[in-house]
Amino acid sequence: MQITRRSGLTGVVHTREIDVEREQVEAWEGGMLIQEAMPHVSKDDREFIMSGITPEEWEAAFIEGS
């Protein structure tokens with residue numbers, strides 16, 4: 001499923017293809033913990049769903065800048 005989010009870090013809008021069902025996203029939006037709603041989704045993809053921040057943005061902001 002394509003997920004589009006605005007990065008909470010840069011404000012850039014990104015779309016990623018993530019192996020998740022609409023029902024799982026709805027369960028998370030309804031209050032379920034994301035790791036319970038989507039246990040098979042990677043940590044990076046769960047972070048993107050929650051915040052819109054891509055792994056590349058995290059790396060540029062916090063690893064390269066340290």
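No value in this document is a laboratory result; all are computed from the given coordinates. Only a predicted model underlies this, so the values are computations on that prediction, with no experimental measurement involved. We place every Cβ from the backbone using ideal geometry, glycine too, and count neighbours over all the protein chains shown.
Values for this structure:
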| item | result |
| --- | --- |
| FRET efficiency estimate (nearest 0.05) - Cβ-Cβ, residue 13 to residue 35, R0 25 angstrom | 0.50 |
| Unit Cα scatterers, Debye sum, the chain: log10 I(q)/I(0) for q = 0.13, 0.17, 0.21, 0.25 Å⁻¹ | -0.36, -0.59, -0.84, -1.08 |
| Additional length obtainable on full extension of the chain from residue 27 to residue 51, 0.36 nm per residue less Cα span | 7.0 nm |
| Net +/- balance of residues flanking residue 12 in space, Cβ distance below 14 Å, scoring K and R +1, D and E -1 | +1 |
